[in-house]
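Undergrad: Here it is, the structure, as structure tokens.
The values are calculated or read from the model by the stated rules, or taken from the named source; none is laboratory data. Note that the structure is predicted; figures quoted are calculated from it, not measured. FYI the Cβ positions are ideal-geometry reconstructions off the backbone, even for glycines, and counts take in every protein chain you see.
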Amino acid sequence: MVTKKRKKESEISKNQDDKILFAFLAAFLSIIGFLLALITRKDDKYVMFYAKQSLVVFIIGAIAGIIANGVKFIPIIGTIIYGALFILIFLAWFLSWIYALSGKEKDIPIISYWAEKINL
């Protein structure tokens, strides 16, 4: 009886570890991670929460990259804007890793607002 209980607990723990791993991969690998999560874990709410955030970070990063490259030629201010956009995108990406590893659904400001609007 005790071994069945421990076996069930270890299966639950393994399932939770798998969720955390896939959520981290979705966040870390950006668009590729989103596609990986979409293909393999579409029914897993936790993994898709971070996969959607990863997609939004990727899209905002691409848009910010285009804007940053357009303004970086402006002396001083362009360089500041370029650096600030890079730092903000990197922080959002890094926070998504940390939050995905936490085991809880935590919102990244602004990113989560747009991620919630994605219906898959």
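Undergrad: Name the residue that is surrounded by the most Cβ atoms within 10 Å (Cβ to Cβ), counting only residues in the range 60-72 that are of a type outside the set (Gly, Ala, Ser) and farther than 25 Å from residue 23 by Cβ.
TA: For the range 60-72, the residue satisfying everything is 72.
Undergrad: Are there any pairs with C-beta distances below 7 angstrom linking a residue in the range 63-85 that is within 22 Å of residue 111 (Cβ to Cβ) to a residue that is among the aromatic types (Phe, Trp, Tyr) and loosely packed, with under 15 Cβ neighbours inside 10 Å, with the two at least 6 apart or on different chains, and if so which?
TA: So the pair list comes out as 68/86.
Undergrad: Six or more apart or on different chains, Cβ under 8 Å: which pairs go from a residue in the range 8-21 that's at negative phi and surrounded by 12 or more Cβ atoms within 10 Å (Cβ to Cβ) to one that's modelled with pLDDT under 75 and not in a helix (DSSP H, G or I)? Could you list them?
TA: Hits for this filter: zero, empty list.
Undergrad: Only one residue in 90, 28, 73 is out of contact with any Cys (no Cβ under 8 Å at 6 or more places or on another chain) and at pLDDT below 90, so which one is that?
TA: On the way: 90 fails: at pLDDT below 90; 28 fails: at pLDDT below 90.
Answer to the check: 73.
Undergrad: Do we find a residue being among the β-branched types (Val, Ile, Thr), surrounded by fewer than 17 Cβ atoms within 10 Å (Cβ to Cβ) and closer than 17 Å to residue 33 by Cα anywhere in the range 73-92?
TA: no
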